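Report on one structure; see the data block that follows.
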Amino acid sequence: MKVLVLLILLSIVPPALAQEGLYAPAVPEDAAMVRVVNATPQAVTLDVGPLRYADVAPLSATAYRPLLADVLVVSHDGAREVITARERAFLSVVLVPGGLQVIEDERHTDPARAQLVLYNLTASAVSFRALEPEATIIPEVAARDSAARAVNAMSVTIGAFLDDEPLAVKQVDLERGESYTLVVTGAPTADEPAGFLVQASVLSE
């Protein structure tokens, strides 16, 4: 039964179905799309190039916003960092305690299925699993790395695990063409799981 569920979850859709998906209508050809993910316990305000992302709530993400593909200055709390945004790239500027990390997201273009993404912001490799129905989504996601997988749309409980200890477990009703990111921030003990779930969106400006 587990093998059958795994095949249903992770089956490959023929290339003919891989049409432009969730993000396509709002993406200018010469733009990069940038969002801010706040993985800290405080609200933050961040400038990326000419755009201000104001009062981003703790453990949340903004919509992707279009920016001219270029070298961009990120300003936050008196600090400045330089990032490079390529045309048609989707970037997440992830605020973590003490700094930031830039993740280039895998573009989701399959309207027939949902996309599950894991941001592993911890110092250890973790596995990404579905608990109900039971299946391995991604066997290992390296420390401070990300990974994505297209899956069938369904109601599912997903989790990130260090060995067999849960770091973050969330239930989500997946919709076709949508993208969902489980952000795993780590925890000081196994009794304090830490992580949050965000659904991608695009703000056309």
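Values quoted throughout were computed directly from the atomic coordinates according to the rules given, and no laboratory measurement underlies them. The structure presented is a predicted model; accordingly, all values stated were derived computationally and were not measured. All Cβ positions, even for glycine, are placed from backbone atoms using ideal geometry, and neighbour counts span all protein chains on display.
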Inset, instruction - Would you kindly state how much longer the chain becomes between ALA43 and ALA123 on full extension, computed as 0.36 nm times their sequence separation minus their alpha carbon distance, in nm to one decimal? - result: 26.4 nm
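Just order 70-81, 157-168, 44-55, 112-123 by mean Cβ neighbour count inside 10 Å, highest at the front, would you?
Working: 70-81: 12.7, 157-168: 17.7, 44-55: 15.6, 112-123: 22.3.
Those peptides, ordered most packed to least, come out 112-123, 157-168, 44-55, 70-81.
Once you order the gyration tensor axes a ≥ b ≥ c over the Cα atoms, which shape class does the stretch 64-130 get: rounded for a/c under 1.5, otherwise prolate or oblate by comparing a/b with b/c?
Working: a/c = 2.96, a/b = 1.23, b/c = 2.41.
Oblate shape, in that a/c is at least 1.5 and b/c is the bigger or equal ratio.
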